[in-house]
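I have placed the structure first, in the form of structure tokens, so that the comments after it can refer back to it.
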């Protein structure tokens, strides 16, 4: 594992400003996009008659995680856990702070 250098104060300020700008402009992060893609792929693959699609998605995701040096067994367990949650009616979580902004409630106030 690689050691990270501590960030300089100006780097912290720049990153903080960048995040604030992204939030103010309501620009989704990579994780936000990935969450939607995962939701779409899994729910589509859980449709009746799509078992082959789910199996292919599972194999591809596990292979890519293993390529990134994750444990194959751990990747398999995590993927299956997520699919099981979707099968049981789970849905990805919306970001409540975005709903508050949309409704005009300041982000630092409780809903």
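How many angstrom separate the Cα center of the stretch 14-28 from the Cα center of the stretch 64-86?
Between the Cα centre of the stretch 14-28 and that of the stretch 64-86, the gap is 31 Å.
Using 1/(1 + (r/R0)^6) with R0 = 41 angstrom and r between the beta carbons of residue 90 and residue 12, what's the FRET efficiency to the nearest 0.05? Walk me through the numbers before you get to the answer.
Numbers: r = 36 Å, r/R0 = 0.87.
Computed FRET efficiency for residue 90 and residue 12 comes out at 0.70.
Rank-order 32-44, 5-17 by packing density, defined as the average count of other C-beta atoms within 10 Å over each peptide's residues, highest first.
Going by the mean number of other Cβ atoms within 10 Å, highest first, we get 32-44, 5-17.
Readers should treat all values here as calculations from the given coordinates under stated rules, not as data from a laboratory. Here the structure is a predicted model, which is why all the values come from computation and not from measurement. Note: ideal-geometry Cβ built from the backbone for every residue, glycine included; neighbour counts use all protein chains shown.
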